[in-house]
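Working notes for the structure below.
The values are calculated or read from the model by the stated rules, or taken from the named source; none is laboratory data. Since the structure is predicted, the reported quantities are computational estimates derived from the model, not experimental observations. Reconstructed Cβ throughout: ideal geometry from the backbone, glycine too, with neighbour counts over all protein chains shown. Areas reflect the complete protein model, heavy atoms only, side chains present, ligands, DNA and RNA absent. Shrake-Rupley method; radii C 1.70, N 1.55, O 1.52, S 1.80 Å.
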Amino acid sequence: MAKILFLAASVRKQSLNKRLAKLAANIAEEAGAEITFVDLNDYELPLYNGDLEVEHGLPEAAKQLKKIFIAHDGFFIASPEYNSSFSPLLKNTIDWLSRAHEENEVPLSAYKGKVAAIAAISPGALGGLRGLVSLRMLLGNIGVTVVPSQVAIGSGFKAFNSEEELIDEKQAGMLKATVDELLRTADRLK
Ligand SMILES: Cc1cc2nc3c(=O)[nH]c(=O)nc-3n(C[C@H](O)[C@H](O)[C@H](O)COP(=O)(O)O)c2cc1C
């Protein structure tokens, strides 16, 4: 089975997107996938700055995270929507990991040939759906195949029960279908 990395583009302790990514990871594990969950809080990165890169190279956290991305066949990314786009934390992380730092490194080695599923959860009505449009485009541009199914969950503060499962059956079905599609596609492209 494919190795899938789960992450949320929010470092907030009570992040809804973290909770969604963790739930997706549990679903994938139950389906037999090899999973890793990373909290971006453990990989703090400065805002990308070309001078910083020239002077110091890639930050250690970026090297570690890039290695983790390379070691996986696919990603599940849950990102908050900020003013109709995905979070700046995610953009900054993607930017740092896109930089080659080893001799003869294949460009975009953390991304090319990988598969992703994208998701968002928000207290608002649209569930972060608008941010997924630009995230899907960006990932496609750096060589990631993004599966057609995706998840956007509105009224996020009321979405989970005490077991950290989604209360609404339709939303739970949407998440399961998206995770299943990610696993199937990652297995096929492996
Ligand atoms: C700067 C900023 C902009 C936001 N813009 C949107 C938005 O466009 N759409 C939306 O649904 N929620 C928006 N929100 C609310 C977030 O969806 C909400 O804070 C959410 O809980 C963040 O995700 P997290 O819980 O994973 O940290 C915004 C929040 C912030 C701080």
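For this structure, a couple of remarks:
- Qualifying residue in the stretch 55-74 (condition: within 23 Å of Leu108 (Cβ to Cβ), of a type outside the set (Lys, Arg), out of contact with any Lys or Arg (no Cβ under 9 Å at 6 or more places or on another chain) and within 16 Å of the ligand (Cβ to nearest atom)): no
- Some residue of the stretch 64-79 being more than 14 Å from Leu45 (Cβ to Cβ) and charged (D, E, K, R): yes
- Filter result for Leu47 (closer than 19 Å to Arg12 by Cβ, buried (at least 18 other Cβ atoms within 10 Å of the Cβ) and either without any contact (Cβ under 8 Å) to a residue 60 or more places away in the chain or away from the ligand (no atom under 12 Å from the Cβ) (or both)): no
- Residue that is closer than 19 Å to Ala21 by Cβ, open to solvent by 10 Å² or more (accessible area, probe 1.4 Å) and among the basic types (Lys, Arg), where the choices are Lys91, Lys63: Lys91
- Hits in the stretch 136-188 - residues which are at positive phi, open to solvent by 40 Å² or more (accessible area, probe 1.4 Å) and of a type outside the set (D, E, K, R): Ser155
- Residues that are within 16 Å of the ligand (Cβ to nearest atom) and part of a strand (DSSP E or B) within the stretch 1-44 comprise Phe6, Leu7, Ala8, Phe37, Val38, listed in sequence order.
- Within the stretch 154-190, being touching a helix residue (DSSP H, G or I) at 6+ places or on another chain (Cβ under 7 Å) and part of a helix (DSSP H, G or I) holds for Gly156, Leu175, Lys176, Val179, Leu183.
- Here Ala71 fits the description: touching a residue at least 60 places away in the same chain (Cβ under 8 Å), closer than 15 Å to Lys114 by Cβ, of a type outside the set (S, T, N, Q) and exposed (fewer than 15 other Cβ atoms within 10 Å of the Cβ).
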